[in-house]
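First up is the structure itself, then whatever we jot down about it.
The values are calculated or read from the model by the stated rules, or taken from the named source; none is laboratory data. Computed from a predicted structure; not experimentally measured. Note that each Cβ is placed from the backbone with ideal geometry, even for glycine, and that neighbours are counted across all protein chains shown.
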Amino acid sequence: MLLLTLILIPFIGCFIAAMLPVNARNREAWLAAAVALVGLVILGLQFPHINSGEVIRYQLDWMPDYGLNLVLRMDGLAWLFSMLIVGIFLLIVVYARYYMSPEDPVPRFFSFLLAFMGSMLGVVLSGNLIQLVLFWELTSLSSFLLIGYWHHRAEARRGARMAFTVTASGGLCLLAGVLMIGHIIGSYDLDVVLASGETLRDHAWYLPALILVALGALTKSAQFPFHFWLPHAMAAPTPVSAYLHSATMVKAGIFLLMRLWPVLSGTPEWTWIIGGAGVCTLLIGSFIAIFQHDLKGLLAYSTISHLGLITALLGIGTPLAMVAAIFHTLNHATFKASLFMGVGIIDHESGTRDMRKLRGLYRLMPHTATLAIVASAAMAGVPFLNGFLSKEMFFAETLLVGSSNNWWMPLAAVTMGMFSVAYSLRFIHVFFGKPATDLPKTPHEPPRWMRFPVEVLVVFCLVVGIIPGLSVGPLLHNAVESVLGDQTPYYSLALWHGFNIPLLMSFLALGGGVVLYYLLRTRYNLTQRDRVPVLYRFNGKQAYENIMLEMRSAASRLERLLGTRRLQPQLVLIVSACLAAAVAAAASAPQVWADLEPTTPHIPFAIIWVIGCACAIAAAWQAKYHRLAALSLVGGAGLVVCLTFLWLSAPDLALTQLMVETVTTVLILLGLRWLPPRLPDIARDLAERRAARTRRTRDFVLAVGSGLAMAAISYLVLMLPAGAGIGGFFLERALSEGGGSNVVNVLLVDFRGFDTMGEIAVLGIVALTVYGLLRRFRPAAESMTLPPQQTNLIDPAARETPTEQSETGYLMVPAVYLRLLLPMVLVCALYFFMRGHNLPGGGFVAGLVFSVGIIIQYMMAGTVWVESRLHLQPHRWLALGLVIAVVTGLGALPVGFPFLTSHTAHFSLPVLGELHMPSAFFFDLGVFCVVVGATMLILTALAHQSIRSHRLPLGAVEVAENTGKEEN
């Protein structure tokens with residue numbers, strides 16, 4: 001349960017932070033810090049188990065037959081990454097408390113940051129590949145929100161869109177690759193997958209699966225050719241850059257490659273794809289970093305380069321390369337996070353990040369300058385700092401794969417080392433020289449606690465660089481052993497390994513970098529150059545923009561070809577596609593039609609269907625002249641469907657259909673008020689009348705054909721042999737396993753409870769969407785009135801005034817009597833709700849019945865009277881229903897059963913006797929609340945808009961306490 005707590009607390013903190021007041025900057029920081037401290041305590045408690053080589057697992061069954069369960073898995077690698085995620089998060093929170101402005105919406109910032117931390121923990125702790133992909137996409141979404149935090153800035157919006165487009169596209173590729181891996185191995189469980197490397201590598205689908213997984217990892221970690229998004233993500237606040245783009249998000253792709261290394265590596269394809277991308281990235285990123293003028297831009301491209309170094313190590317594929325990759329991942333996260341925070345301090349105190357303006361900062365802020373210089377030296381690979389050790393291991397591994405005929409890998413490594421020294425020196429240069437006098441603000445040291453996170457990380461760089469074996473040796477060994485297992489090689493983290501070629505390569509990179517920077521600064525005039533030599537012709541951002549423009553153009557062409565602003569052509573396309581699918585399905589079973597024999601029709605049933613067909617045809621005809629009559633006839637066809645369900649012994653469906661017909665008829669009736677009046681044919685010319693007749697004939701034929709095709713499919717389903725469908729399964733198990741004899745209700749709230757939860761969630765979303773759309777909607781003027789010369793062409797019913805309608809339609813039944821109907825309807829709804837588990841009824845039907853009662857009050861008593869006395873608050877109904885449904889489902893977890901597992905409790909009461917209370921009862925109560933809330937929300941939105949349109953709907957004039965005035 002500790003692992004589950006570790007995942008859940010960031011998301012809980014996310015929701016709490018979002019609800020805090022805007023000016024509560026200290027409270028949000030304390031909340032986020034408390035979440036991080038709890039996470040560190042949990043990780044500390046797990047270390048003894050991890051240090052002993054144990055793999056900690058927590059599994060919550062969901063769909064075990066399909067291998068889809070919530071599985072949390074912590075080994076040495078996951079523990080190390082979790083410590084990075086939580087530990088650096090805590091430092092970032094302390095730093096952000098002083099960096100963020102009081103004018104910023106700080107609750108939103110910390111809420112997004114906590115959500116991202118939870119998503120990253122979900123990635124590294126997932127023990128199921130599908131679950132890993134889910135959290136992977138959550139990191140893309142939360143990073144999009146963080147990068148675009150300052151959404152009033154165009155560059156922030158562009159950077160967020162670019163990052164999300166690239167990483168989310170890679171996430172889709174990763175999902176496809178994971179599905180292929182699961183299909184090959186037969187399981188998505190990570191332990192099973194990691195033990196099936198030979199099976200996967202020998203399969204014909206290995207290469208497609210590798211390419212898809214590599215696309216997911218390379219896009220997330222900004223590897224060539226997808227590296228262009230990371231510099232544009234620097235539009236985010238500096239705490240975001242320090243956390244996401246140095247220690248966490250960009251490390252997700254690296255973690256994935258490490259996690260699946262035992263399964264996917266060891267082939268030439270792996271080496272060329274992963275190693276090739278890494279080498280290209282480390283060279284391109286380090287070269288471009290030298291020519292940046294923005295401090296964050298320099299760090300962004302240096303991050304790309306170091307990520308390429310780690311990817312190249314993973315591509316080499318040797319056990320020692322894996323050791324170096326994990327070690328450098330840890331080192332890079334520490335010195336790069338400290339550098340980003342140092343840049344944030346410089347920007348915060350001086351007002352600029354332009355290296356062409358900044359100089360002499362050491363005299364003005366010596367403490368910050370010292371910290372930044374040490375971190376820059378670690379990035380450059382200076383001895384006695386952590387970056388030197390892991391970079392020397394990288395040089396050693398490039399020598400291992402190099403030879404007299406293959407010298408490009410060591411050369412690329414030394415070249416990248418020289419470039420890294422050059423851009424590190426350029427970063428350090430801003431601290432020396434004569435202090436600038438033209439800065440927006442006079443630089444000075446930041447607050448003490450704003451500098452504290454940088455101090456912690458720089459001390460870590462020094463400690464690891466001087467005593468690596470004692471400081472990080474056990475942590476690194478646990479991580480390496482969790483990946484390599486029995487293949488774990490011998491390695492030494494000693495500071496001195498004697499004079500050897502890797503040491504020579506290190507000093508060659510240091511010396512060559514110093515010379516390169518001197519030449520670029522003196523001969524090339526580096527500060528005056530605005531573009532990168534040679535590589536400026538290969539602009540990844542421009543290629544991305546061109547692709548997006550082409551996609552937009554293609555979408556526009558497709559929209560012009562298939563799209564229309566009118567509803568009728570869209571319905572023609574949809575119904576035609578359904579007709580084609582139905583015809584294909586009906587044609588797939590010719591034997592059923594060959595065995596079809598004529599039977600004597602049942603006269604009463606046939607009469608019912610003749611009435612229904614007549615209503616449908618008349619509705620289509622009346623829609624041309626009178627919409628209200630057409631709507632009434634459509635309701636008649638719906639009632640015939642209800643009677644059909646009753647005839648075929650489906651009372652649940654009949655009851656539901658009746659209530660749905662009632663509610664939708666009223667809602668559509670309110671919507672009819674906004675449609676423009678129809679003009680009779682005499683107002684059109686001959687060509688228009690012919691086109692209209694052709695269109696109606698086409699629609700009639702299409703509708704009849706679609707109806708017959710769907711009838712044919714229904715007949716095929718009914719003709720299935722006994723036992724061929726799944727109905728028998730539910731009939732046998734409804735009472736014994738679901739605790740109810742009403743199979744339909746048990747199916748909805750028990751066997752398919754997860755589907756029902758999704759449906760009520762969608763219902764709530766739809767209701768909120770309709771409400772949001774109608775809040776600011778105002779009907780067009782032409783939908784309310786017509787020019788005087790055309791009023792004689794309108795249907796006479798449309799010319800009735802509100803007073804005439806109220807006199808002829810409302811006073812026939814006193815409204816005060818109908819107000820008394822609401823308690824009776826409530827009792828009826830309660831009756832249907834209580835009997836639903838064993839007899840026709842249930843939460844959905846009861847919700848509709850209760851909604852009908854409230855609709856009657858709106859119709860007869862008016863909106864003002866209802867809302868002033870009933871206080872419906874449909875939003876709360878929706879929220880309450882969803883909470884009840886979720887809590888009911890979660891109630892099965894503490895007793896060891898999957899989510900939404902139903903249980904039945906038995907009580908013996910003095911008067912009532914034995915009482916059976918299934919947990920599905922409370923789930924059904926949630927369904928009831930959601931249906932009532934959704935219906936009332938849509939109803940009130942429509943009713944209020946109808947009032948605003950000055951064409952009053954039914955019930956807009958109060959009758960019981962009639963003042964004769966319209967409601968406002």
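Values as computed for the structure displayed
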quantity	calculated
Close pairs from the range 347-364: first under 15 Å from ARG451 (Cβ atoms), partner among the polar types (S, T, N, Q), Cβ under 7 Å, at least 6 apart	ASP347/THR238
Matching residues, the range 151-187, being within 21 Å of PRO262 (Cβ to Cβ) and either outside the structural domain of PHE255 (by TED's automatic domain parsing) or at pLDDT below 90 (or both)	GLY186, SER187
Spans of helices (runs of 4 or more DSSP H) in the range 683-772 with at least 1 residues without any contact (Cβ under 8 Å) to a residue 12 or more places away in the chain	686-718, 727-738
Residue match in the range 202-218 (condition: over 21 Å from VAL124 (Cα atoms), at pLDDT 90 or above, surrounded by 24 or more Cβ atoms within 10 Å (Cβ to Cβ) and in the same structural domain as GLY159 (by TED's automatic domain parsing))	no
Which numbered condition GLY360 fails, given (1) on the phi > 0 side of the Ramachandran plot; (2) under 32 Å from the mean Cα position of the chain (by Cα)	(2)
Criterion violated by ALA594 - all others in (1) loosely packed, with under 10 Cβ neighbours inside 10 Å; (2) outside the structural domain of PHE419 (by TED's automatic domain parsing); (3) under 30 Å from MET355 (Cα atoms) satisfied	(3)
Total residues in the range 492-538, condition modelled with pLDDT of 80 or more and of a type in the set (Val, Ile, Thr)	4
Residue identified as assigned to a helix (DSSP H, G or I) and more than 40 Å from the chain's Cα centre (by Cα) among THR370, THR437	THR370
Filter pass, ALA321 being in the same structural domain as VAL480 (by TED's automatic domain parsing), among the hydrophobic types (A, V, I, L, M, F, W, C) and in contact with an Asp or Glu (Cβ under 6 Å, 6 or more places away or on another chain)	yes
Residue list for the range 388-425, restricted to those being out of contact with any Ser or Thr (no Cβ under 9 Å at 6 or more places or on another chain) and either assigned to a helix (DSSP H, G or I) or modelled with pLDDT of 90 or more (or both)	LEU389, MET393, PHE394, ALA396, THR398, LEU399, TRP408, VAL421
Criterion: under 19 Å from GLU397 (Cβ atoms), surrounded by fewer than 24 Cβ atoms within 10 Å (Cβ to Cβ) and modelled with pLDDT of 90 or more - qualifying residue of GLY276, GLY308	GLY276
Residue selected from the range 822-836 under the condition hydrophobic (A, V, I, L, M, F, W, C) and under 18 Å from ASP924 (Cβ atoms), by the criterion surrounded by the fewest Cβ atoms within 10 Å (Cβ to Cβ)	VAL827
Only one of ILE310, ILE326 that is within 24 Å of LEU264 (Cβ to Cβ), in contact with a His (Cβ under 7 Å, 6 or more places away or on another chain) and β-branched (Val, Ile, Thr)	ILE310
Near pairs, Cβ below 8 angstrom, 6+ apart or cross-chain, from the range 278-294 (of a type in the set (Gly, Ala, Ser)) to any residue that is outside any helix (DSSP H, G or I)	GLY278/GLN223; GLY285/HIS227
Test set (1) free of Cβ contacts under 8 Å to residues at least 60 places away in the same chain; (2) surrounded by 14 or more Cβ atoms within 10 Å (Cβ to Cβ) - THR437 fails condition number	(2)
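A quick yes/no check of all residues on (1) basic (Lys, Arg); (2) surrounded by fewer than 20 Cβ atoms within 10 Å (Cβ to Cβ); (3) under 17 Å from CYS615 (Cβ atoms); (4) not assigned by TED's automatic domain parsing to the domain that holds CYS828:
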residue	(1), (2), (3), (4)
GLY635	no, yes, yes, yes
PHE645	no, yes, yes, yes
SER649	no, yes, no, yes
LEU658	no, no, yes, yes
THR664	no, yes, yes, yes
ILE668	no, yes, yes, yes
GLY671	no, yes, no, yes
